[in-house]
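Worksheet: the structure to be examined is printed underneath.
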Amino acid sequence: MDVDVKTSYRIADLTKSFDRAGVVALQDVTLDVPQGSIISLIGPSGCGKSTLLSIMGGLLSQSTGTVELFGADVEGPPREVGIMFQKGTLLPWRSVIENILLPIEIQSGKKAARTARPQAEALLTMVGLSGSEERFPDELSGGMAQRAAICRMLITEPQVLLLDEPFGALDELTREKMDLEIQRIAAAQGATVIVVTHSIPEAVLLSDTVYAMATHPGRISEVIDIDLPRPRELSIMEDPAFGRYTTRVRRALDRGHDTAA
Amino acid sequence: MTSSPTVHQPTGRKRSRVSLLSGWLDRLPQPAAVALVVVIALGLWQLLVSFGGVSEIILPSPLSVGGQIIEVVKQLTTGGFLMGQLWITVQEIVLGFLLASSVGFLIGLWIGQTEFGRKAVMPLFVVVEASPKIAFVPVFIAWFGFGIASKFLMAAFMSIFPVIINTAAGMNAASAEEIRLFRSMRASSWEIFWKLKFPRALPFIFAGLKIGIVSAVTGAVAAEFIGGGVGFGEQVRVAASRIALDRVFALILVLSMLGLALFGLVTLAQKKFAFWDSKKTT
């Protein structure tokens, strides 16, 4: 193993079964995520990709196996992690800036949140939402709400970002723009990003490594390294190499599907 | 081919005249529309009494009711006997409502937060809420006597159930995603309650309070009818026993205005504290 590259997540022999109905959601999952890399988990519904992300985020516990983040066992949501879900879930009774400062307020109190206000404003500017500080979530479009949710995730300066189908509810053009934004943010902060998606182009566009997953039981079926230069622009999607990678991921998913059937 | 349009034209024109009128009615601003309906209703009522052969004893005319309204308002503004009676009723309602909303809120919290409360206690409250609670007035008088206690407790009894049930329902209004979000931010259960579940429950709680305040008015007045002695409800009963129905109508109008004003206060509080939900509820 390369000694220069720090590992963020180290997952070994992870299995998760849900007691009711004895469903095995995840079986024998092993993966190492180098710090600063972007990986995606892609697969059909029921492959356990969201469950895996929840376990990494400390929101669920595994049945067997180990999950370590920076060498420490994950027991409950780690401090270094920022999570974002498919639904932005901004609180409608809080203004945009109050929503963004919520993690600070919860972890360090109202005073700390007031002190962090300039950082929140800077984040809003970065995602193109400056001037929306005092607006309320019901005045925002879906894309704007997701941008605000990104700011909320970033306000604690997490070293690891866990994204559960973050832009699944957005139209494709907006989604691609947001993907590039995530790439830029990750590079700027040196953050590790783990994305759950079921969009093959999104997985290829974002990732250093794509983990293709299969169902019954949920597992990682193939690992595909995406060796495309960074920073990536949307134009890369017209590159023949990009097309070859999407084909490889698609075939991997098809094979996973075949074994299940 | 050419004759059929000319044949159909008259009916077409008639229809368009009706739709013209209905269009005009639809475009009326709401206050004007309400006023129009009230004027028509009062006109029909007056006609019924003046020319319909209905006795004024059975159905007082709007004009005599209007006279009584002026009389009642005069007494109220000069702070006479009637004002004192109204004040007693207001106290019963407000005391009862405050008691019901605070105790009901706490019970609702407990029910909403615990599996046992949801499973075992909630169904019982729903049964009581669905029953005609007004029938308990004699029980309350037997328990708490003919004084003010039986009345304000009856008002509380009437209004506590909607508060309990709506608060309990509201405590479960936060979505699984929102709770997951708070957990991912390492929020304590107190923070999940105070910063998520409670604000989420507010629109439900206010819905309960709005039903509650209206029920409190009904409860207090009904208890005065039967429990007697003092209060505005007692004045209604006395006037009715004198068959002074114009007076009865005037007093009922005052009670309605009182109920409306209290309801308005709760709505104001709702607009202030659950402002973010206003688009959905109104």
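Filter the stretch A:106-131 down to the residues that are crowded, with 18+ Cβ neighbours inside 10 Å and modelled with pLDDT under 90, then identify the one that is nearest to A:Leu180 (Cα to Cα).
In this case the residue turns out to be A:Val127.
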Could you tell me which residue of the stretch A:132-155 is surrounded by the fewest Cβ atoms within 10 Å (Cβ to Cβ), considering only residues that are in a loop (DSSP other than H, G, I, E, B) and polar (S, T, N, Q)? A:Ser141
If I filter the stretch B:247-262 for residues that are charged (D, E, K, R), away from chain A (no Cβ under 14 Å) and either more than 20 Å from B:Pro62 (Cβ to Cβ) or assigned to a helix (DSSP H, G or I) (or both), do I get at least one hit? yes
Positions within the stretch B:179-214 being crowded, with 18+ Cβ neighbours inside 10 Å, within 12 Å of chain A (Cβ to nearest Cβ), closer than 17 Å to B:Leu109 by Cβ and of a type in the set (A, V, I, L, M), in sequence order: B:Ile192, B:Leu196, B:Ala201, B:Leu202
Enumerated helices (runs of 4 or more DSSP H) restricted to the stretch A:49-125, each holding at least 3 residues that are touching a helix residue (DSSP H, G or I) at 6+ places or on another chain (Cβ under 7 Å): A:96-100, A:102-108
Is it the case that B:Gly233 is buried (at least 18 other Cβ atoms within 10 Å of the Cβ), closer than 20 Å to B:Phe140 by Cβ and touching a Phe, Trp or Tyr at 6+ places or on another chain (Cβ under 9 Å)? yes
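The values are calculated or read from the model by the stated rules, or taken from the named source; none is laboratory data. Values in this document were obtained by computation on a predicted structure and should not be read as measured data. Note that we place each Cβ from the backbone using ideal geometry, even for glycine, and neighbour counts take in every protein chain shown.
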